[in-house]
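This report concerns only the one structure given below.
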Amino acid sequence: MITVESLIKNRQLHADQAPRVTELWAEIRHWKRERNAFVPAHNYQVPEVQAIADYIGDSFELAVKARDFKSDVVVFCGVRFMAEGCYTLAPETPVYLPSLDALCSLAEVDEDEVAERQEFLRSLGRNFSTMTYVNTYASVKALSDACCTSSNAATIAAKLGVPDLLFVPDQNLAYQVALKTRRMYLPPPDPHAFHPKDYWERIEPLLREGERQGLVGNVFAWEGACHVHHQMTEQDILALRAQDPETQIVVHSEVLPALQRLADAVLSTSQMIKYVEAHPAQKKFAILTECGLVVRMELEHPEKQFYKTCRLCQYMKATDLEKVLSTLRDLPEEKRITVPESVRIGAERAMRRMIELGS
Ligand code: SF4
């Protein structure tokens, strides 16, 4: 359990801020009862926000909870695509996002460009499905056959029943999916620079090589990346190995393929939490993901040592207790998240397919 004492001890909070945090927690709990609200929080949220959440998890767990909750209002402590996902699965309940700055570099995908790429693959006669990471907006989900998260992407890819996948938008998770499902990884074109002829000339030898190796099919990677994970380097891992060879190095599947190959494990955020719990004898970990998760692990496992190689996501940190309180209390219309019904229906289909295939 997160307390002001544990936050102060772990240097997440200055002692002079403790009275205000305690006061905000009490007010937020009051308004949660008053509104009959459900407050989910992503693993990357700051710990004082996680402390008042009804549920903490990764994007898949939050999507499943969003489908099942019973409340009068949702205040979603995460980023916009997550709040959209919540509304998509349960549109009868109003969903609010405490900070409108809580966006996501990975989710910024142009749906027209996705449609163009699909058309290109059709013109080649490829038998493919479009898989979309949940870290996208509803307009892109609506173009997909199934959504996925980092925890279930390979499972879903294996169940789609087609050889080829157009994987949108994370190119690094696409690599992990290709590896785990015995498909050839086809690197993406540069962002906003897709030229069919150039692209085909680059990937055609790889396609042939995959056929020669008898692989299941191909993963056509989209040109997206999470700026937080994409900036982590091989040097981060090599320095850790040199400093302390006993450390278990666990990376998120959004890091570059070269780092995935160097790590002891490649996991989603929730899988990282379970991994640490499943290794009680192991005392030292380096968890390469957004820092919020590592802070939580430090609070939950004071007996272990966590090397800090994590990076901060400014979008995840855009939500604070003051914003959660004002949103719960005032329910401002501008913070209510919806999507057009025609888009929502398509996005819901892809998300429900994810829940059905990925559970
Ligand atoms: S950590 Fe990366 S994927 Fe997650 S919200 Fe931030 S930018 Fe998006």
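The values are calculated or read from the model by the stated rules, or taken from the named source; none is laboratory data. The structure displayed is predicted, hence computed values, not measured ones. FYI the Cβ positions are ideal-geometry reconstructions off the backbone, even for glycines, and counts take in every protein chain you see.
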For this session: Could you tell me whether segment 281-293 includes any residue that is touching a helix residue (DSSP H, G or I) at 6+ places or on another chain (Cβ under 8 Å), surrounded by fewer than 20 Cβ atoms within 10 Å (Cβ to Cβ) and not in a loop (DSSP other than H, G, I, E, B)?
Result: no
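Among the residues of segment 1-60, which ones are of a type in the set (Lys, Arg) and not in a helix (DSSP H, G or I)? Give the steps one after another, and end with the answer.
Quick first cut of segment 1-60, residues of a type in the set (Lys, Arg) only: 9, 11, 20, 29, 32-33, 35.
Answer for segment 1-60, where residues must be of a type in the set (Lys, Arg) and not in a helix (DSSP H, G or I): just Arg11.
Does Thr88 meet the test of being polar (S, T, N, Q), without any contact (Cβ under 8 Å) to a residue 60 or more places away in the chain and either more than 15 Å from the ligand (Cβ to nearest atom) or not assigned by TED's automatic domain parsing to the domain that holds Arg296 (or both)? It would help to see each step written out before you state the result.
Details: polar (S, T, N, Q): yes; without any contact (Cβ under 8 Å) to a residue 60 or more places away in the chain: no; either more than 15 Å from the ligand (Cβ to nearest atom) or not assigned by TED's automatic domain parsing to the domain that holds Arg296 (or both): yes.
No; evaluated as a whole, the condition is false for this residue.
Look at Asp170 and say whether it is surrounded by 24 or more Cβ atoms within 10 Å (Cβ to Cβ) and either without any contact (Cβ under 8 Å) to a residue 60 or more places away in the chain or closer than 30 Å to Asp320 by Cβ (or both).
Numbers: surrounded by 24 or more Cβ atoms within 10 Å (Cβ to Cβ): yes; either without any contact (Cβ under 8 Å) to a residue 60 or more places away in the chain or closer than 30 Å to Asp320 by Cβ (or both): yes.
Judged against the criteria, Asp170 is a match.
From the list Ser270, Ser359, exactly one residue is over 21 Å from Ser6 (Cα atoms), within 16 Å of the ligand (Cβ to nearest atom) and out of contact with any Lys or Arg (no Cβ under 9 Å at 6 or more places or on another chain). Which is it? Can you show your working first?
Numbers: Ser359 fails: within 16 Å of the ligand (Cβ to nearest atom).
Residue meeting the stated conditions: Ser270.
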Problem set entry | Total residues in segment 60-77, condition in contact (Cβ under 8 Å) with a residue 24 or more places away in the chain, acidic (Asp, Glu) and under 16 Å from Asn36 (Cβ atoms) | 1
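Can you tell which of Gln231, Gln213, Gln243, Gln176 is within 16 Å of the ligand (Cβ to nearest atom) and surrounded by fewer than 19 Cβ atoms within 10 Å (Cβ to Cβ)? Steps first, please.
On the way: Gln213 fails: within 16 Å of the ligand (Cβ to nearest atom); Gln243 fails: within 16 Å of the ligand (Cβ to nearest atom); Gln176 fails: surrounded by fewer than 19 Cβ atoms within 10 Å (Cβ to Cβ).
Only one candidate qualifies: Gln231.
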Problem set entry | Residues that are within 12 Å of the ligand (Cβ to nearest atom) and aliphatic (A, V, I, L, M), drawn from segment 95-108 | Ala102, Leu103, Leu106, Ala107
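Those residues that are of a type in the set (Ser, Thr, Tyr) and either part of a helix (DSSP H, G or I) or more than 18 Å from Thr269 (Cβ to Cβ) (or both), I need them from segment 224-253; list them, please. Give the steps one after another, and end with the answer.
First, the residues of segment 224-253 that are of a type in the set (Ser, Thr, Tyr): 233, 247, 253.
Of everything in segment 224-253, those that are of a type in the set (Ser, Thr, Tyr) and either part of a helix (DSSP H, G or I) or more than 18 Å from Thr269 (Cβ to Cβ) (or both) turn out to be Thr233, Thr247.
Among the residues in segment 216-223, are any surrounded by fewer than 12 Cβ atoms within 10 Å (Cβ to Cβ) and out of contact with any strand residue (DSSP E or B) (no Cβ under 6 Å at 6 or more places or on another chain)? Write out each step before concluding.
Taking segment 216-223 first, the residues surrounded by fewer than 12 Cβ atoms within 10 Å (Cβ to Cβ) are none.
No, every residue in segment 216-223 fails to be surrounded by fewer than 12 Cβ atoms within 10 Å (Cβ to Cβ) and out of contact with any strand residue (DSSP E or B) (no Cβ under 6 Å at 6 or more places or on another chain).
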